[in-house]
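Here the structure is laid out as structure tokens; the discussion comes afterwards.
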Amino acid sequence: MIGFLTLLEKEIKRFLKVIIQTLISPIISSFLYLLVFGVSLGNSVQMKNGVPYLSFLIPGLMVMGLINNSFQNSSSSIVTSKFSGDLEDLRVVPITNMQIIMAMGLGGVIRGFLVAFVTGLVGYTFHYFKLGEVMKIEHPFWILFFVLTGGLTFSFMGIFIAFIAKTFDQLSAFSTFILLPLTYLGGVFVSIETLHPVWQTVSHFNPLFYLINGFRYAVIGFSDVDLTISILVSLLSVAITYGMARYALVKGSFSRW
Amino acid sequence: MNQIPLELKNLIKTYPLKESGKFVEAVRDVSFAIKPGEIFGLLGPNGAGKTSIISTITTLEKPTSGQVEVFGVDVTKDPLFTKKQMGVVHQEIINTGFFTIEEILKFQSGYYGLRNNQPRIDYLLEKLSLKEHRSKNVKQLSGGMKRRLMIAKALVHSPKLLLLDEPTAGVDVGLRESLWNFVTELKNEGIAILLTTHYLEEAEKLCERVGIINKGKIIFIGETHAVISQYSTKKVHLEMKSGLKVSFTDVASMGLVEILEKNKIAFSDIKNIKVDEGKLEEAFSKMVNS
């Protein structure tokens, strides 16, 4: 257990050492998204059920911050260790594969949660000044549930990709060609009802769609999809990506780049 | 659990060749054991299989067949136990950029389940002359300091078995000497040490026994002085009172009296005698090239 806690502590200290890159920068991105999309363009967007667009956007941006940073944390931790050569250390110390995956996974969740939390604070501030009211949190327990499942899913995904990637290009390709489309087609910025029917169908195969909508339901009580399905898909995503991370840890490369 | 820190039994390790799909045998039926308080040198040219053996002991690689046991426990069956017994100094220098020396040693202690390990960390920092650099980030360290940090990391949990894979590569002469002294101290504390090195002078100075490996196979295993006397040329250099200097080679089986009698030299004519017992380097070259 001490080994697991030590690795978790190291993961947290690692991202805190480069706080501008790991926390401040994504928070500024979220701030700009809120300013441009939520405040400026938000007036011209009409949502169903009379939900203000800013209220709709805030949970989406929080999830985007959560998953991007969870993924970045675990993958960059492994990749920088591949560059520096200390990844092999993890193989020679008495820590189990499960402890390594969970420590790296939770490290990612904590960074993702911090970015999501500050994004939420900024969003709530905008909400108060633009709409003149404090945004109410509808279901706090489900917020924690989706932070944990969403963060773990994408941290595990980061572990998987970083271990099987042989070059930095392969890692970047995953972010550009997989993670980015999943995010944009998952309903961060718009309800999928506004998409072409083809893209609506595609979105239903996107696990992020269920995560974003589950989280949105937890925050504003409104969602494009049934909560039970969101919960089940989120749990299934954690299980599948854990299996992928474990496979990568056993079969992937610890070698220096 | 037994008292033998490390035992390899008929170890074979093969790797698939990507191009041809065939297999290359990197380690071929290697067996040896190391006793507590012994420094065992594993010597061989580049690509001989030394690092493959270290990787198998540390479970970075799985054996194709055969066994590696640490204190009688198979490394593949209970890797957590065997990892706790050993410390490893890798061949390549590690450059973890984010943390200071002290932070790295604290993390390393934690990986071995040690929360309050400050006295041991302080001892190692002092011993390895890193005390005044403890707050420095790794990227600020010289190559020699990084090497010492790697040794400190390997020793932070007081292992009973130490694997040193080329520990003095790229280290200056002064530091090498001090590391040799430190390794000798560790041996005197009862730690079993497996040393791979390219510096045969290092092996000759430190190791009681050596194993010489070539193309994955052990071609000699035994006491260091035995390999030297068996495979190197003993030389006797005489300086005569007349100023003449004479050298006799290939005299390993002869005593001095026999040499003098055979060459009709009177003992009273000799001013100085120097006997060169031969070097491990010479023995090593002969064995590997034969």
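On the principal axes of its alpha carbon atoms, the protein assembly as shown extends 118, 51, 40 Å, with the longest extent given first. Modelled spin-label separation between B:ALA266 and A:MET1, with each label point placed 7 Å from Cα along the Cα-to-Cβ direction: 8.8 nm. Calculate, for A:LEU180 and A:ILE24, the FRET efficiency according to 1/(1 + (r/R0)^6) with r their C-beta to C-beta distance and R0 22 Å; round to the nearest 0.05. Plugging the Cβ-Cβ distance into 1/(1 + (r/R0)^6) gives 0.55.
Legend: calculated FRET efficiency, B:SER158 to A:TYR128, from the Cβ-Cβ distance at R0 = 56 Å, rounded to 0.05, equals 0.45. Evaluated over the Cα positions of region B:1-78, the convex hull gives a direction-averaged projected area, one quarter of its surface, of 5.6 nm². The long axis of helix A:2-17 is offset from the longest Cα principal axis of chain A by roughly 60 degrees. Going by Cα centres, region B:70-96 and region A:143-186 are how many Å apart? Each part's Cα centre sits 32 Å from the other's. When you work out D = kT/(6 pi eta Rh) for region A:2-251 at 10 °C and 1.306 mPa s, using the Kirkwood radius from C-alpha pairs as Rh and the Stokes-Einstein form, the result is 86 µm²/s. Label sites at B:SER65 and B:GLU92, each approximated as a point 7 angstrom past Cα along Cα to Cβ, lie 3.1 nm apart. Legend: calculated FRET efficiency, A:LEU235 to A:PHE168, from the Cβ-Cβ distance at R0 = 30 Å, rounded to 0.05, equals 0.40. Each of B:ILE213, A:ILE229 was scored by other Cβ atoms within 10 Å of its Cβ. Listed from fewest to most, they are A:ILE229, B:ILE213.
Between 0 and 90 degrees, the angle of helix B:143-155 with respect to the longest Cα principal axis of chain B falls at about 70 degrees. For chain A, the longest principal axis of the C-alpha atoms and the axis of helix A:207-220 are separated by about 50°.
By the compact-protein rule of thumb, 2.2 N^0.38 Å, the alpha-carbon radius of gyration of region A:147-221 corresponds to a ratio of 1.23. Summing Cβ point charges (Lys, Arg +1; Asp, Glu -1) relative to the Cα centre of region A:2-251 gives a dipole of roughly 340 debye.
If you wrap region B:1-141 in the convex hull of its Cα atoms and look at it from every side, the mean projected area works out to 11.0 nm².
Near B:GLY66, the amide H atoms lying under 5 Å from its own belong to B:ILE12; only residues 5 or more places off or on other chains count, and H is placed 1.01 Å from N. The modelled label-to-label distance between B:LYS9 and B:GLU177, using points 7 Å beyond Cα along the C-beta direction, is 4.5 nm. Over region A:1-58, the Kirkwood radius and the radius of gyration, each from Cα atoms, give a ratio Rg/Rh of 1.30. Fewest neighbouring Cβ atoms within 10 Å first, the residues A:PHE189, A:PHE215, A:PHE56, B:PHE267 line up as B:PHE267, A:PHE189, A:PHE56, A:PHE215.
Values quoted throughout were computed directly from the atomic coordinates according to the rules given, and no laboratory measurement underlies them. Predicted model, so just to flag it, every value in this text is computed and none were measured. Glycine gets a Cβ as well: all are built from the backbone with ideal geometry, and neighbour counts include every protein chain shown.
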